[in-house]
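A.B. asks: Below is a structure I'd like to ask you about.
The values are calculated or read from the model by the stated rules, or taken from the named source; none is laboratory data. Only a predicted model underlies this, so the values are computations on that prediction, with no experimental measurement involved. Positions of Cβ are generated from backbone atoms using ideal geometry, with glycine treated the same way; all protein chains shown enter the neighbour counts. Surface areas here come from the heavy atoms of the whole protein model, side chains and all, with no ligands, DNA or RNA. Shrake-Rupley method; radii C 1.70, N 1.55, O 1.52, S 1.80 Å.
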Amino acid sequence: MGAIIEFKGVALTYGATEVLKAINLTIEPGKFYTLLGPSGSGKTTILRLMAGFLQPSAGNILFEGQQINTVPPEKRKVNTVFQNYALFPNLNVYDNVAFGMTIKGKSPAEKAAKVDEMLHLVKLDGYGQWEISELSGGQQQRVAIARALANEPEVLLLDEPLSALDYKLRKEMQRELRSIQQRLGITFIFVTHDQEEALAMSDWIFVMNDGKIVQNGSPVDIYDEPINHFVADFIGESNIIPGVMKKDYLVSFLGRDFENVDGGMRPNEPVEVVLRPEDLDIVSEEAGKLVVTIDDQSFRGDYYEISAHDDDLNQWQIQATNPVEIGQRAGLYFDPEDIHIMRLHEDEAAFDARIEQYVEDEQDEN
Amino acid sequence: MQSERFKAPWLKLYLALVFILMYLPIAYLIIYSFNRGATMTAFTGFSWQHYLDMFNDLRLMQILVNTLIIALLSALLATIIGTFGALLIYQMKRTGIKNIFLSLNNILLVSPDVIIGASFLILFTMVGFQLGFGSVLMAHIAFSIPIVVLMVLPRFHDMDTTLIDAAYDLGANRWQVLSRVILPYAWPGILAGFFMAITYSLDDFAVTFFVTGNGFSTLSVEIYSRARQGVDLSINALSALLFVLSLMLVVVYYFIATGVATRSSKKAGHGQLKVVDPQ
């Protein structure tokens, strides 16, 4: 399938500040995309460029192959769900959802059918005559989604739409958004700073930092193979330790050599080693590959969050199902595939090429 | 604490005194409009005589109609001009220029009526404009515009700008954004501005006094000139009538203003009976 939206070297500058730096991205139809990054990373700016509220200072934005840099928002086949919902307070639910159709001069019968369909989709059947001020935050959120979808966009842009909802409602809306996207089969582009949300919902994630796309890939790729310190730290909790890649499949850190599954680097190249807290098992001192002293633990419902330090005073985060004793010395065990290696200053293209190369090597060996 | 303090009996007394002080002259005026005698020296019995005199005074009735027409027409035009003026000030990007315009607006609001009236008189005579209905109307529109701007502008500033983004996003053009989103949002302010403009026009004396010609007059000017010639109780009757009229204006405004607010809750309440919350 061809791309529905493409960014080719899109940059945006306000005076001297570079908000976006030469962004290249490709959006394919029918997928759920997430732009993930801390606030100020430029993710909402990308969304506003797609919606037409901003125009790029350089580069081209293409929609189905056509350049749309200066096409105004009302002429684009995309619709937006705004962070604060932006529902019209003087109109009731029905008129809000029908707004786009009223503008286009659709017949009352056509409008009524579509509004009913949309309200059913977001589980607000019969709410047509309600005023916006009478709805809860979660219901307003649903109306905003119904209003945007009633315009039958080819791409739906969602700008941190769940950030104002409480935890439980947010989880529920995540599932619902995902199922709405799959049912309608249109493209969703979702902006969030919540990595859990991004991992749970997306087909494809763009991780952004400082006006650049740092890494993009499927949730599993990004979680398992973070490209650098920033991504590893931002996506989930990580233990990051400096190390040296002695040769393929052998890494040295904390003064010891460990077998691992990464390769394709120079011999004795300095690297960063990532170990995820949930990949670490607490075992007896003798059985452990590393020895740590437990500092603290807190109960998180489905697991214990344990912090510890090793003899070189590196901090470790461990997730365990069973409680431990504070002050106790314990061993840490992990498998070779739990060790993730990040090269210093590797860009995305080189990273992808190396991963590809090394996967091919691995297949050749098998 | 707050409510406790307001229950203090001397506070109620204070409030009562203030209101008595404010309404005593008006009450005195109205009571004597029903006097059988021809002066305000003593109340000699009840009579509708002064009201009959007033309604039979065709000149006075003509002036009453003039006054109402001027008030409604000037308020309407001032509201339209003032609302769009407020919109332009709202859309100004440079705060310096915005503040200059706002200050110019507010200066008109606080400057003495005598000065505004005198300057209008000079202007109209300089350009050779015939004094009369047109000059009074223009003067009233001019001094009503600043108050409309002042009532409407806060509503624009109050509005979330993503509403405008959302309207564009859903396919609205500039005119549709204005007519379907911005103006409905500012409607309570526009309405308040309109009613304020009516009251400003109705009770204006100073400006009108300068710009009325020979053949045209409004109530305030007419009452003033009659009061100078000697006390006539039909003026009391007219004052009573105007008082009732302004009371009605307040009531009408109250119902329109609360109507805008309660319309929503009534409808929603209606819905609540039929609809089961899915959550």
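A.B. asks: If only one of A:Glu197, A:Glu176 is in a helix (DSSP H, G or I) and under 24 Å from A:Ala98 (Cβ atoms), which one is it? Even if it seems obvious, please write down each step before you answer.
C.D. replies: On the way: A:Glu197 fails: under 24 Å from A:Ala98 (Cβ atoms).
After applying the criteria, what remains is A:Glu176.
A.B. asks: Does region A:240-255 contain at least one residue that is free of Cβ contacts under 8 Å to residues at least 60 places away in the same chain, in a helix (DSSP H, G or I) and open to solvent by less than 40 Å² (accessible area, probe 1.4 Å)?
C.D. replies: no
A.B. asks: Of all residues in region A:125-155, which are at the interface with another protein chain (Cβ under 8 Å from one of its Cβ atoms), of a type in the set (D, E, K, R) and part of a loop (DSSP other than H, G, I, E, B)?
C.D. replies: A:Asp125
A.B. asks: Still on this structure, please answer the following. Considering only residues that are open to solvent by 30 Å² or more (accessible area, probe 1.4 Å) and more than 22 Å from A:Gly185 (Cα to Cα), which ones fall in region A:18-46?
C.D. replies: Those that are open to solvent by 30 Å² or more (accessible area, probe 1.4 Å) and more than 22 Å from A:Gly185 (Cα to Cα): A:Glu18, A:Val19, A:Lys21, A:Ala22, A:Asn24, A:Pro38, A:Ser39, A:Gly40, A:Thr44.
A.B. asks: Quick one: which residue in B:Leu153, B:Leu102, B:Leu88, B:Leu163 is under 30 Å from A:Phe53 (Cβ atoms), out of contact with any strand residue (DSSP E or B) (no Cβ under 6 Å at 6 or more places or on another chain) and within 14 Å of chain A (Cβ to nearest Cβ)?
C.D. replies: Details: B:Leu153 fails: within 14 Å of chain A (Cβ to nearest Cβ); B:Leu102 fails: within 14 Å of chain A (Cβ to nearest Cβ); B:Leu88 fails: within 14 Å of chain A (Cβ to nearest Cβ).
When all the criteria are applied, what remains is B:Leu163.
A.B. asks: Out of all the residues in region B:166-179, which are in a helix (DSSP H, G or I), of a type outside the set (Asp, Glu) and at the interface with chain A (Cβ under 7 Å from one of its Cβ atoms)? Spell out the reasoning first.
C.D. replies: Just the residues of region B:166-179 that are in a helix (DSSP H, G or I), to begin with: B:166-169, B:174-179.
When the remaining residues are screened for being of a type outside the set (Asp, Glu), the result is B:166-168, B:174-179.
Within region B:166-179, B:Ala166, B:Tyr168, B:Gln176 meet the criteria.
A.B. asks: If I filter region B:180-202 down to residues being away from chain A (no Cβ under 11 Å) and either over 27 Å from B:Leu108 (Cα atoms) or of a type in the set (A, V, I, L, M) (or both), which single residue comes out as surrounded by the most Cβ atoms within 10 Å (Cβ to Cβ)?
C.D. replies: If we take residues in region B:180-202 being away from chain A (no Cβ under 11 Å) and either over 27 Å from B:Leu108 (Cα atoms) or of a type in the set (A, V, I, L, M) (or both), then B:Ala197 is surrounded by the most Cβ atoms within 10 Å (Cβ to Cβ).
A.B. asks: List every residue pair whose Cβ atoms sit under 8 Å apart, with the two residues 6 or more apart in sequence or on different chains, where the first one lies in region B:209-232 and is at pLDDT 85 or above and the second, anywhere, is open to solvent by 20 Å² or more (accessible area, probe 1.4 Å) and charged (D, E, K, R).
C.D. replies: As it stands, the answer is B:Ser220/B:Asp203, since those pairs meet every condition given.
A.B. asks: Which condition number in (1) facing chain B (nearest Cβ under 8 Å); (2) open to solvent by 10 Å² or more (accessible area, probe 1.4 Å); (3) closer than 30 Å to A:Ala58 by Cα; (4) not charged (D, E, K, R) is the one that A:Asn79 fails?
C.D. replies: All conditions pass for A:Asn79, except number (2).
A.B. asks: While we're here: Please state which one of A:Arg170, A:Arg175, A:Arg142 is closer than 23 Å to A:Ala51 by Cα, modelled with pLDDT under 95 and basic (Lys, Arg).
C.D. replies: Details: A:Arg170 fails: closer than 23 Å to A:Ala51 by Cα; A:Arg175 fails: closer than 23 Å to A:Ala51 by Cα.
One residue alone meets the criteria, A:Arg142.
A.B. asks: Oh, and also: Taking only region A:200-229 into account, find how many residues are polar (S, T, N, Q), open to solvent by less than 20 Å² (accessible area, probe 1.4 Å) and assigned to a strand (DSSP E or B).
C.D. replies: Here the count works out to 1.
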